[in-house]
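One structure, as structure tokens, below. Some questions next.
Please treat every number below as a calculation from the coordinates, not as lab data. The model shown is predicted, which means the values in this text are computed figures rather than measured ones. Virtual Cβ from ideal backbone geometry, glycine too; neighbours counted across all protein chains shown.
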Amino acid sequence: MNLKDLVLRPAFFICAGIFIGMLFLPQTLPVYQLMLIESGLTFAIMGLGFNLLLRYTGLLSFGHGALFATGAYAVGMMGRWFPDLYRIEILIPVALAASLIISAIFGFICVRHTRVFFSILALALSMVLFALLVKLYDLTGGSDGIHIDLPIMFGKSYDGVKRFEFLSGGYYYFLLCTCTAATILMYAIVKSPFGMALQSIRDNEVRAEMIGIRVRRYRWYAFIISGLFTGLGGALWSFVNGHVSPEISEWVFSGEIVYMTLLGGFMVFVGPIVGSILFTYMKLYAISITQYWMFIIGASLIAMVLLLPEGVAGGFVKLFARIKRANSTGVR
Amino acid sequence: MLRIEDLVKDFGKSRVINSASFEVKDDEIVALVGPNGAGKTTLVNLISGHILPTSGKIKFLGHDITSASPYRRIKSGIARNFQITNLFEDSSVLDNVRICLFSVYDKINRGILSANYYRDITQEAEGLLNEFGIEAQKHEMPPNLSEGDKKVLDTAMAFALKSKFLLLDEPTSGVATGDKFKVMDTIISAIKKQKMACMIIEHDMDIVSDYSDRVLVLSEGNIIAQGKSEEIMEQDNVKEILFGVKK
């Protein structure tokens, strides 16, 4: 499929329409709603990275919270230790560099195994990072975490500006463009020969090795790319949240990442994006209803796995496919 | 081309390959025959690097590849198919071949251009499917193919690796009896066209005698006879092992 074919697809028009519509959200949505959307967008970038491992490489990580925390803490620690360099154009590359190092180390250890062994190793490593974030108080702020100041963004200082003003101004557009670029980049990755190789490894590791694909090495690359997306999501999220604490490296948050992806539908490319935004709203409204909000989240996960295993986006894709088939065959 | 010297493979206390030595020359098609459990697939696994030998040497084109990784062996020109078809079930027939070509041409880690951008590779994959007679099914998923077509696709994938030496592990097993010769004709004509050497594991002695230049007989991990098929079939020990005919 060339660029012309891609542009002529209905999905392209839907995505372009959503992007254009989102450009006008700061003018139409209340600030609080906008912050929820922004939080969802940062999770979406993370979800895209997570799903590169789950959907395309067949590896379920229960430790991605650590990679998210790496990006978020890179921003926080830069603000704490290098306040002169607290500019978004420096912070994002630093967060990516930190994510690259941590995901390269974690990945090197984890991809030596698959299935449940991979999942448990990733979980264990994330808990090691969690323990370090809690214990290294002087460096990380311990369990108190680190407050995230507003950064200088492309030469513009936000000193004295309220966070909600920052978030409903230039930062929203920066985040939207970054999320769009990340989505396009991930789409290109999964459609490239590299993406095909990952899917071959997922489907049949033995055969993949026997056609000359370096299975472990490509799994490692996938883990690193996944870590970069996740770390980027964490860095961008830190500005939205205004505070980072070790909880984002804990297994509970890693479980939430899995939940978001399943909610949207991990078999569909846009599933993690849909799931991340839906989860942000679901969690907030569940918390506002009851202190037992985790019960609601848990019950909804059980219901979804039983009734809609394809996830929300996957369900829509299935529905559209059924309608299309019915229209072409005349059978309903 | 391929030289096996005193190859031994033990699984625990069980010796599966016992000091096997033989040679395969350039452009030669060698059949490896023997009863079930003789060690034929183990031998293929040893040559392809799927498992490593306990002792002995494997030399390919003069280089010692005894402990080389499967990746190194493939890059040096050894490819294989599988006794039980081993395909990428969630990818189309065309993509099963395309991924092999991407691997051969080292395109996998060369940026993030769409796989469809490489039209020359898509055309080559289509040409290969055409050569193997399954181009019409290029958009099908492997589970929708007949057993015969799955076997042909499996072999086409090994063939796509542009190897110099092809290991075919029972290329007609599971194929309907009437289609066996058609499948073999397709495979052998492609092999001869590319002037490859080949080692075929096969149980059907008609296929062995029709398509191979030389036959190796393996029994309990030992090569007990080798030579032209008509000569081999006359030997009493071969008759006894392959057909249960006692003198």
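Rg and Dmax of the range B:164-228, using alpha carbons, in Å: what are they?
Here Rg and the maximum Cα pair distance are 12.2, 35 Å.
Here's something else I'd like to know. How high is the relative contact order of chain A, in percent, counting Cα pairs under 8 Å that sit 6 or more residues apart?
31 percent
Spelling out what I want: for every residue of the range A:150-155, take phi, set θ = phi - 60°, compute 6.51 cos²θ - 1.76 cosθ + 1.60 (Karplus), and round to whole Hz; glycine and proline get x.
For the range A:150-155, the Karplus-derived couplings read 6, x, 6, 10, 6, x Hz, x marking Gly and Pro.
Can you list the residues, at least 5 places off or on another chain, whose amide H is less than 5 Å from the amide H of residue B:80, using H built in the peptide plane?
B:167
Of the cross-linked pairs B:9/B:164; B:151/B:193; B:57/B:195; B:164/B:192; B:25/B:162; B:151/B:228, which ones have a Cα-Cα span greater than 22 Å in the structure shown?
Details: B:9/B:164 25 Å; B:151/B:193 20 Å; B:57/B:195 25 Å; B:164/B:192 11 Å; B:25/B:162 18 Å; B:151/B:228 27 Å.
Beyond 22 Å: B:9/B:164; B:57/B:195; B:151/B:228.
Now for a different question. Defining a contact as two alpha carbons under 8 Å apart and six or more residues distant in sequence, what relative contact order in percent does the range B:2-243 show?
Reported relative contact order: 28 percent.
OK, next. Can you list the HN-Hα couplings for the range A:136-146, worked out from phi with the Karplus curve (6.51, -1.76, 1.60; θ = phi - 60°), rounded to whole Hz and with x for Gly and Pro?
Result, ordered by residue: 7, 4, 4, 8, 10, x, x, 6, 6, x, 10 Hz.
So what does log10 I(q)/I(0) come out to for the range A:47-91 at q = 0.16, 0.28, 0.29 Å⁻¹, using the Debye formula with one equal point on every Cα and no solvent?
Values returned for q = 0.16, 0.28, 0.29 Å⁻¹ are -0.55, -0.91, -0.95.
Just to be sure I follow the definition: excluding the sites themselves, where is the longest run in chain A that has none of the chymotrypsin sites (Phe, Trp or Tyr not before Pro) in a DSSP loop with at most 13 other Cβ atoms within 10 Å?
A:155-291
Additional query: Under the rule of at least 5 residues apart or a separate chain, name every residue whose amide H is placed under 5 Å from the amide H of residue B:32.
Here the answer is B:200, B:201, B:202, B:216, since their amide H atoms fall under 5 Å of that of residue B:32.
Please give me the summed charge of the neighbours of residue B:4: other residues whose Cβ is under 9 Å from its Cβ, Lys and Arg +1, Asp and Glu -1. All intermediate terms of the calculation are to be shown ahead of the outcome.
Numbers: positive: B:3, B:57, B:59; negative: B:5, B:6, B:23.
Every neighbour counted, the sum reads 0.
Now, a different point. When only C-alpha pairs under 8 Å and at least 6 residues apart count, what is the relative contact order of the range A:39-154, in percent?
Reported as a whole number, the value is 34 percent.
Taking K and R as +1 and D and E as -1, what net charge do the other residues with C-beta under 10 Å from the C-beta of residue A:57 add up to?
Its environment carries a net charge of +3.
List the residue ranges in chain B for DSSP H helices whose C-alpha atoms run 15 angstrom or more along the long axis and whose Kyte-Doolittle average is 0.0 or above.
Helix filter hits for chain B: B:93-104, B:180-193.
Under a point spin-label approximation (7 Å from Cα along Cα-to-Cβ), what is the residue B:21-residue A:89 distance to one decimal in nm?
Output for this residue pair reads 7.2 nm.
Partner chain Cβ atoms within 10 Å, averaged over the residues of B:100-112 - can you pull that number for me? Let's see the in-between values first.
Working: counts 6, 2, 9, 9, 2, 1, 2, 5, 13, 8, 3, 5, 11.
Mean partner-chain Cβ count within 10 Å for B:100-112: 6.
Also, quick follow-up: Please report Rg (one decimal) and Dmax (integer) in Å for the Cα set of the range A:34-329.
19.2, 68
Could you tell me the distance between the Cα centroids of the range B:178-193 and the range B:93-109, to the nearest Å?
23 Å
How many angstrom lie between the C-alpha centres of the range A:254-298 and the range A:81-128?
Cα centroid of the range A:254-298 versus Cα centroid of the range A:81-128: 23 Å apart.
Next question. Show me, for the range A:79-93, the HN-Hα J-couplings you get by feeding each phi into the Karplus relation (A = 6.51, B = -1.76, C = 1.60, θ = phi - 60°), rounded to Hz, glycine and proline as x.
My calculation for the range A:79-93 gives x, 7, 9, 10, x, 5, 9, 7, 10, 4, 6, 9, 4, 5, x Hz in order.
Please provide three numbers in whole Å: the alpha-carbon extents of chain B along the principal axes, with the largest listed first.
62, 41, 32
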